[in-house]
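The values are calculated or read from the model by the stated rules, or taken from the named source; none is laboratory data. The structure displayed is predicted, hence computed values, not measured ones. When we count neighbours, we look across all protein chains shown, and the Cβ atoms used for this are built from the backbone with ideal geometry, even at glycine.
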Amino acid sequence: MTFLKWYYQQGFNLIPVPKGRKGAVIRWKQYEENKAPKIPDNYEGNIAVILGKTSGNLVDIDCDTKELFDLAQKILPETLTTKSYRGGHLYFKTDYPMRKFTLDIPKHGKLEVAGQGQISILPPSLHPKGIRYKLIRKTPPTHWSGDVKEELIELIETSLKIKLKRERINIQRISQGVGEGERDECAIKLATWFRKEGLTREETLEKMVEWNRQNKPPLEDSVIEIKVGSAFKPESPYAYKFAGKSKIKPKFSCGGILSNIIFEQTNEEFLVYNKETSETTKRKTVEGYKPFPKLPWEPVSDISPYNFSELWSEIKRYLYEHIDISEGYDLLTAWVLASWLPENWHAVPYLFFYGPAGSGKTWALEVLASIGFRPLMSASATLSTIFRVINNHHPTMFLDECETYMRKERSEILHLLNAGYRKGFPAMRSEDTKDGYVVKFYDCFGFKALAGTKEFIKTLKSRCIIFNMSKAVRKIKTIIDTEKAKGLQRMLLTYRFEMLSQKEKMQEPDVLTGRLRELFNPLIMVAPETAKNSIINQAKKIEAITEEEERTSDEAIVFKAVYDISKTQLKRKIRIEEIGKLVNENLGVDEQISNVSIGRILARLGFKKTMHEHKRAIFWNAELAKRLKRRYLKGKSKDNLTDYT
């Protein structure tokens, strides 16, 4: 196969050059966009390739000394290589047409990279000094993606252990849009700047598409995607030097899950776990995220291997040695494990340590926080701080003295807690800014443990597993075993990495219903078989207590009176006065329920109000009564209730 035929197969746009010369015999600039006439096979003069776009974004790395040529062949990928008079040429194809640039390498000479708007002499052409160009490596030009200039500088610096000069990039000028000839190179630089500022790849692409509209003319959106990919290709961003300060706030994270890795902040860097290889490394940045300068908790420094059965036993023993409760150590152990996997759950249980002063409530929070996932211990912090920390850091919250919040900002703390137990329900807050009041959304989802001396309202109580605390009756540790706690945290971080890397979802048990199912399923799912029944039995105890409380509630008492009247008197309307008389006949003076309160309770239950014989009354509703009977009057015989509505 002739040289000409092989070059044409590589997509080269060739032109004739007089024998023994470097200058073209034709005006070749007209062929930078179009193909030049084909050179005949019997042509005996020199040949050259038009570099750049017309030849598939071809570039020529021209080494003018033997030392540079040897260095280039050593550090660069194998590609089409030719030898010239003193040095040689290496040809690559790039992502975009490159312009000429020169690197001045101390003690080695100048390395010239020729590209768009230039030509390069090919073998078997004759050099003006009488030496023929030779093919050293006859292989198609290798594709070199990314910023060739910057990567070439890094390769030379690493190989020769030197530092080359880098020009400062005026990022303000670039961000205002550039013209044709600058767009490709500037796109990678601007995307790298966004990456260094902490933006993710997706956020950078969004910004780059917006920037591209200012270019004259704009690049295709698909080209912008390639440029962003090039900027995010290296493990660390390109070492450009940018002029000017960024106005974009860096994006911080203390950890998270990406497609192939899980990462967690350890002081000023990330511990990164590879899902496929199970290897851990440490990095300064991850996919545009930077570590927070300071965390509100002591981060876990590293990971440690573990055996699950032993880990469970050690956590349980640790809790038993520090906290005195009548029962529930399996439940607390499961809560600790589940709290390290918040991403796995649709809803999470809160813990509420309830009791008088000196009963060990605060101590229980401190013990759990010592081995918790991103533990944030707070006593009477401002609500705005709590909202922001939960939204930004996604910690496990330990809130002490909750009665303080109930007294000062009841609606706000209840909103945070009610919204935070189930995934996908952000809390809304109205905040005063320089532009006036604005509504902000906060992701408050996550595990929380609370302590207080006053009981919560019913809606929040139903989201909590309650521990009634009293003074310890056995000897327990009164100082946190710090070394033991840190060792457990290191194993728990390994547990987190491994569990979140599993491709199969954990199977939910079908033993509970309603709210209890939401609260207890995460605990049952992380527990070993030996502890599952213990947790299920505690859940059923809570269910029985809840049902008993419901049957003795004001709602149950009022409905029972309505139900009894309906059984003895077939009425379409029932007077509230009559219901009140029946409700209060067996209640003490201090327990009496007023007719006004009874009317409100009936409305809450779903009965519609009316008037009967000039007195306030309700409409009887048989279908509603059947539903309420199942809830409040369990154990009653089945009745055929008549609908008089």
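I need a count of the residues in the stretch 502-545 that are in a loop (DSSP other than H, G, I, E, B) and of a type in the set (Gly, Ala, Ser). I'd like the intermediate steps shown before the answer.
Residues of the stretch 502-545 that are in a loop (DSSP other than H, G, I, E, B), as a first pass: 502-513, 527-528.
Those still in the list that are of a type in the set (Gly, Ala, Ser) too: 527.
Number satisfying all stated conditions: 1.
So which residues in the stretch 98-132 are closer than 30 Å to Gly229 by Cα, assigned to a strand (DSSP E or B) and small (Gly, Ala, Ser), if there are any at all?
Passing the criteria: Ala114, Ser120.
Is there a residue being among the small types (Gly, Ala, Ser), assigned by TED's automatic domain parsing to the domain that holds His393 and either closer than 16 Å to Phe445 by Cβ or touching a Gly at 6+ places or on another chain (Cβ under 8 Å) (or both) anywhere in the stretch 324-332?
Start the filter on the stretch 324-332 by keeping residues that are among the small types (Gly, Ala, Ser), which leaves 326, 328.
Narrowing further to those that are assigned by TED's automatic domain parsing to the domain that holds His393: 326, 328.
Right, trim to either closer than 16 Å to Phe445 by Cβ or touching a Gly at 6+ places or on another chain (Cβ under 8 Å) (or both) and you get none.
Scanning the stretch 324-332 turns up no residue that is among the small types (Gly, Ala, Ser), assigned by TED's automatic domain parsing to the domain that holds His393 and either closer than 16 Å to Phe445 by Cβ or touching a Gly at 6+ places or on another chain (Cβ under 8 Å) (or both).
Quick check on the stretch 45-56. Is at least one of its residues assigned to a loop (DSSP other than H, G, I, E, B), of a type in the set (Gly, Ala, Ser) and within 14 Å of Ile15 (Cα to Cα)? First the steps, then the outcome.
So in the stretch 45-56, the residues assigned to a loop (DSSP other than H, G, I, E, B) come out as 45, 51, 56.
So of that shortlist, the ones also of a type in the set (Gly, Ala, Ser) come out as 45, 56.
Remaining after also requiring within 14 Å of Ile15 (Cα to Cα): 45.
Yes - at least one qualifying residue is present in the stretch 45-56.
Where in the stretch 369-424 are there helices (runs of 4 or more DSSP H), lying fully within it, with 3 or more residues that are under 21 Å from the mean Cα position of the chain (by Cα), in the same structural domain as Tyr495 (by TED's automatic domain parsing) and modelled with pLDDT of 85 or more? Before you say what the answer is, go through the steps one by one.
Working: elements: 383-393, 402-408, 410-420.
Output list reads 383-393.
Taking the residues in the stretch 315-331 that are in a helix (DSSP H, G or I) and touching a residue at least 60 places away in the same chain (Cβ under 8 Å) as candidates, determine which candidate is surrounded by the fewest Cβ atoms within 10 Å (Cβ to Cβ).
Taking the stretch 315-331 as the starting set, the residues that turn out to be in a helix (DSSP H, G or I) are 315-322, 329-331.
Now narrow it down to the ones that are touching a residue at least 60 places away in the same chain (Cβ under 8 Å): 315, 318, 321-322, 330-331.
Details: Ile315: 20, Tyr318: 22, Glu321: 14, His322: 23, Asp330: 22, Leu331: 22.
Filtering the stretch 315-331 for residues that are in a helix (DSSP H, G or I) and touching a residue at least 60 places away in the same chain (Cβ under 8 Å), the one surrounded by the fewest Cβ atoms within 10 Å (Cβ to Cβ) comes out as Glu321.
Given the structure, is Lys35 in contact with a Gly (Cβ under 9 Å, 6 or more places away or on another chain) and either over 22 Å from Leu126 (Cα atoms) or not in a strand (DSSP E or B) (or both)? Steps first, answer last, please.
Working: in contact with a Gly (Cβ under 9 Å, 6 or more places away or on another chain): no; either over 22 Å from Leu126 (Cα atoms) or not in a strand (DSSP E or B) (or both): yes.
Considered against the rule, which asks whether it is in contact with a Gly (Cβ under 9 Å, 6 or more places away or on another chain) and either over 22 Å from Leu126 (Cα atoms) or not in a strand (DSSP E or B) (or both), Lys35 comes out as no.
Return the pair list, or none, for Cβ contacts closer than 7 Å from residues in the stretch 481-502 that are in contact (Cβ under 8 Å) with a residue 12 or more places away in the chain and within 15 Å of Ser339 (Cα to Cα) to residues that are among the acidic types (Asp, Glu) and part of a helix (DSSP H, G or I), at least 6 apart or on different chains.
So the pair list comes out as Leu488/Glu314; Leu500/Glu343.
Within the stretch 14-22, is even one residue outside any loop (DSSP other than H, G, I, E, B) and crowded, with 21+ Cβ neighbours inside 10 Å?
yes
Given (1) at pLDDT 90 or above; (2) in contact with a helix residue (DSSP H, G or I) (Cβ under 9 Å, 6 or more places away or on another chain); (3) in a helix (DSSP H, G or I), identify the lone condition not met by Thr204.
Tallying (1) at pLDDT 90 or above; (2) in contact with a helix residue (DSSP H, G or I) (Cβ under 9 Å, 6 or more places away or on another chain); (3) in a helix (DSSP H, G or I), Thr204 fails exactly one: (1).
Kindly provide the set of residues from the stretch 503-536 that are of a type in the set (Val, Ile, Thr) and either in contact (Cβ under 8 Å) with a residue 40 or more places away in the chain or closer than 22 Å to Lys316 by Cβ (or both), ordered by number. Reasoning before the result, please.
Step one: list which residues in the stretch 503-536 are of a type in the set (Val, Ile, Thr), which gives 511, 513, 524, 526, 530, 535-536.
Within the stretch 503-536, Val511, Ile524, Val526, Thr530, Ile535, Ile536 qualify.
If you take the residues in the stretch 82-116 that are of a type outside the set (Lys, Arg) and more than 22 Å from Glu151 (Cβ to Cβ), which one is modelled with the lowest pLDDT? It would help to see each step written out before you state the result.
From the stretch 82-116, those of a type outside the set (Lys, Arg) are 82, 84-85, 87-92, 94-98, 101-106, 108-109, 111-116; that's our starting set.
Those left that are additionally more than 22 Å from Glu151 (Cβ to Cβ): 84-85.
Values: Ser84: 92, Tyr85: 87.
Selected residue: Tyr85.
Return the only residue of Ala338, Ala334 being among the hydrophobic types (A, V, I, L, M, F, W, C), buried (at least 20 other Cβ atoms within 10 Å of the Cβ), within 30 Å of Arg283 (Cα to Cα) and touching a residue at least 12 places away in the same chain (Cβ under 8 Å).
Of Ala338, Ala334, the one residue that is among the hydrophobic types (A, V, I, L, M, F, W, C), buried (at least 20 other Cβ atoms within 10 Å of the Cβ), within 30 Å of Arg283 (Cα to Cα) and touching a residue at least 12 places away in the same chain (Cβ under 8 Å) is Ala338.
Pull up the stretch 65-97, narrow it to residues that are in a loop (DSSP other than H, G, I, E, B) and of a type in the set (Phe, Trp, Tyr), then point me to the one that is surrounded by the fewest Cβ atoms within 10 Å (Cβ to Cβ).
If we take residues in the stretch 65-97 being in a loop (DSSP other than H, G, I, E, B) and of a type in the set (Phe, Trp, Tyr), then Tyr85 is surrounded by the fewest Cβ atoms within 10 Å (Cβ to Cβ).
Output yes when any residue across the stretch 262-269 is in a loop (DSSP other than H, G, I, E, B) and either of a type outside the set (Phe, Trp, Tyr) or in contact (Cβ under 8 Å) with a residue 40 or more places away in the chain (or both), and no when none is. Before the answer, list the steps.
Initially, the stretch 262-269 is screened for residues in a loop (DSSP other than H, G, I, E, B), giving 267-268.
Pick out the ones that are also either of a type outside the set (Phe, Trp, Tyr) or in contact (Cβ under 8 Å) with a residue 40 or more places away in the chain (or both) and you get 267-268.
There is at least one residue in the stretch 262-269 that is in a loop (DSSP other than H, G, I, E, B) and either of a type outside the set (Phe, Trp, Tyr) or in contact (Cβ under 8 Å) with a residue 40 or more places away in the chain (or both).
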